[in-house]
Every structure is written in structure tokens, then in C-alpha cells.
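Bear in mind that the values in this text are calculations on the coordinates, not laboratory data. Predicted model, so just to flag it, every value in this text is computed and none were measured. Cβ placement follows ideal geometry from the backbone for every residue including glycine, while neighbour counts extend to all protein chains displayed.
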Amino acid sequence: MPAIQIDRLKAQIQSIMKPKFSAEIFLVSLRSLMEAHANLAFRSEIKSQRNHDLKSYHLSPVILNQLQFHFIQFTKDNPDLAITYADLLWHEPFIEMKQFAGIFLGALPEEKIPEIQERIVKWNNSTKDKALRTIIFNDCTKTIRLHGLEKWLEIIKSWMDSGNPFLILTGIQSIQILLQDPKFDNMPFVFNAISSITLLHQEKIANAVSELFQNLLKRNSNETTFFIKSLLVSQPSQDLFRIIRRNLVFFPEEQQSKIRQLMKA
């Protein structure tokens with residue numbers, strides 16, 4: 001693949017970021033730019049080597065970073081048009097386009113939170129792809145996490161309380177993304193949400209809860225251990241015991257024997 005000329009790339013990106021052009025013209029122009037810079041050497045890659053089933057342009061990180069920078073700057077000056085762009089890009093078959101849709105939503109100002117929330121819920125309900133949900137809960141929620149976190153937590157809690165396996169898994173994944181944000185410190189919310197989970201006998205939910213416990217223990221070992229010990233006392237069940245036994249190695253060594261005793265009581 002030839003070396004990338006940054007100045008030329010910037011000029012190409014700026015040429016398609018014109019508010020006077022319709023959103024459809026932007027989309028056609030962006031497709032052309034993506035095709036021009038696609039790494040064709042990877043087009044023979046088999047699906048089993050990916051963590052998703054979507055097509056990919058296999059763009060250089062340099063190109064992706066430049067596009068992200070310009071999209072964020074554009075959104076600050078043209079939020080309404082950015083929302084239109086995001087709607088179009090989300091329906092494109094390439095994962096990079098969907099990532100760009102998330103970038104546009106995540107760069108919107110605080111007053112656009114209702115529009116952001118609407119798309120997050122709508123897009124999530126239309127997919128079961130884990131890679132797409134990561135985009136939805138990570139990229140799309142940046143403004144919400146910064147300015148409207150309480151409303152976002154209400155939505156997550158409603159999923160966790162729903163009794164619907166699909167929504168429970170959705171809620172768990174959205175919490176996993178929150179835990180990756182060092183600024184998020186509302187651990188009581190997370191513990192309360194976990195306490196309401198039902199259907200622990202279902203393998204997918206049990207696996208998701210196991211992974212969540214592991215990440216919680218890495219994030220805050222002491223508080224998580226205290227919470228799980230209280231959960232074993234207040235809501236004991238064979239399903240919960242099975243999940244805890246599977247994850248005993250992740251607990252502080254001095255607490256492992258105490259947890260075993262609680263499960264025998």
C-alpha cells in the first residue's frame with residue numbers, strides 16, 4: 001500500500017465535508033474516499049478471522065484517525081446535519097461506516113441527548129452483533145455519559161429488570177462499557193443492577209455475569225467482594241453458586257475460603 005500523504009488526505013476529507021452538499025452526496029463521496037484508500041490486500045480475509053460478520057475496508061489507522069478528527073470538528077459546527085449523516089452511515093454494510101455513525105453521535109452537544117438516546121435504543125434493538133453493540137454503548141454514548149448519565153443509567157436498569165434475556169444481556173454489555181470509563185465510579189448502581197438479574201440458569205446470561213464479576217473484581221476488588229458476599233447471603237441459589245465457583249480464582253486469596261464457607265452454609 002503506498003505511503004499516505006497527510007496533507008493530501010486532509011484536503012480530500014475537507015472536500016467532502018461541505019454543509020452545502022446534501023447528506024446523500026456526502027455519503028457517495030465518503031464511499032469513494034474509503035474505496036480509494038481501502039487495503040485490497042486484505043479483501044481475501046475469511047470471516048472466521050473476524051470478531052464480526054460485517055464487511056471492512058481495512059483502512060490504515062492514520063486514515064481512520066484523520067476522518068474521526070474531521071468528523072468531530074464538523075459535528076460541533078453542524079450538529080443537525082451530523083445526525084443525518086449518522087443515520088445514513090449506520091445502514092451501510094461496512095463496520096467503519098457504523099463506527100463513523102457512532103463518532104458523529106458521540107460528538108453531539110448536550111442539547112441533542114434526546115436524539116442520541118432515541119438512536120441508541122433503536123440501533124441496539126435492531127442488532128445482536130456484539131461488535132455493533134460495542135460501538136453503540138461506547139462511541140454513541142460519549143455525550144450522554146458526560147452530560148446525561150442518570151438518564152442513561154435509568155435505561156440500563158430497565159433492561160436489567162426486564163426479565164427479557166436479550167435486554168438483560170444488552171444491559172450487562174452496556175455496564176461493561178461503563179466500567180471501561182475511568183470517570184465512571186457509580187459502583188452502587190452496578191451492584192444494584194446485578195442484584196435484579198434473573199434467569200441466571202441461562203448459559204449466555206451466566207457467562208455474561210461471570211465476565212462482569214471478573215471485570216468488577218479488577219476494577220474494585222474490595223467493594224466487589226463485599227457485595228458478592230452479601231449477595232450470597234441475601235439471594236443464595238445454585239445458579240449463583242455455580243457462577244461464583246467458576247470465578248473464585250479472581251477473588252483476593254484471603255477471601256476465597258470465606259466465600260466457600262458462605263456457599264456451604
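Observations
- Using C-alpha pairs below 8 Å separated by at least 6 residues, the relative contact order for the stretch 76-175 is 24 percent.
- Check: the chain dipole with +1 on Lys, Arg Cβ and -1 on Asp, Glu Cβ, in debye: 660
- Share of Cα-Cα pairs in the chain lying beyond 23 Å, as whole percent: 59
- Ordering 11-19, 171-179 by mean Cβ neighbour count within 10 Å, with the highest value first, yields 171-179, 11-19.
- Average 1/r across all pairs of distinct alpha carbons in the stretch 138-265, invert it, and you get the Kirkwood radius: 15.1 Å.
- Principal axis extents of the C-alpha atoms in the stretch 1-147 (largest first, rounded to whole Å): 42, 38, 25.
- Taking each DSSP H run with n ≥ 4 as -39500 (n - 2.57) and averaging over every residue of the chain yields -21000 deg cm²/dmol at 222 nm.
- Mean separation of Cα contacts under 8 Å, 6 or more apart, over the residue count of the stretch 1-147: relative contact order %: 21
- Distances between placed amide hydrogens fall under 5 Å for residue 55 paired with 95, all partners being 5 or more residues away or on another chain.
- Relative contact order (%) - the chain, alpha-carbon pairs under 8 angstrom, separation at least six: 11
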